[in-house]
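The values are calculated or read from the model by the stated rules, or taken from the named source; none is laboratory data. As the structure is a computational prediction, the values presented were derived from the model and not from experiment. A quick note on method: Cβ atoms are made from the backbone with ideal geometry, for glycine too, and the neighbour counts reach across all protein chains shown.
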Amino acid sequence: MLGGQGHITSKGVNAIIHTVGPYLDEQGHTKPLVLANCYRNSLKIALSLQADSIIFPSISTGYYGYPMLEAAEIAINTVTEVLAGASIVVYMAAYDDVNYQILSKVAGLI
């Protein structure tokens, strides 16, 4: 699977949608379009399954080293854009306090 794509491995109540996030290149450049496509394509799959909710980790901000603030802005903006008018609950999983604070601030929760 290429970066930014979405793929489902099971159907039903507990479907798992996989996506491969971008990594920084050797010069440290980010790939915002690929990251946005991770969220966009996964959400499209969730909507096609008529899912009630979806949970996302902070894609690419761990091992791949994507800057957390930029990643959070891309995640929140893409989710907002794709789900305009849709009724699906989106959870963003934060793996530590710093990630939680950044996601909360970008989402306007703090």
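Within the range 19-40, the set of residues being in a helix (DSSP H, G or I) and either out of contact with any Ser or Thr (no Cβ under 7 Å at 6 or more places or on another chain) or free of Cβ contacts under 8 Å to residues at least 24 places away in the same chain (or both) comprises PRO32, LEU33, VAL34, ASN37. Would you pick out the residues in the range 66-110 that are surrounded by 13 or more Cβ atoms within 10 Å (Cβ to Cβ) and not in a helix (DSSP H, G or I)? Once the filter is applied, which keeps residues that are surrounded by 13 or more Cβ atoms within 10 Å (Cβ to Cβ) and not in a helix (DSSP H, G or I), the range 66-110 yields TYR66, PRO67, LEU83, ILE88, VAL90, MET92, ALA94, ALA107. Only residues that are within 14 Å of ASN99 (Cβ to Cβ), charged (D, E, K, R) and under 11 Å from the mean Cα position of the chain (by Cα): list them for the range 25-84, please. Within the range 25-84, GLU73 is the sole residue that qualifies.
Here LYS44 meets each of (1) basic (Lys, Arg); (2) at pLDDT 90 or above; (3) part of a loop (DSSP other than H, G, I, E, B) with one exception, condition (3).
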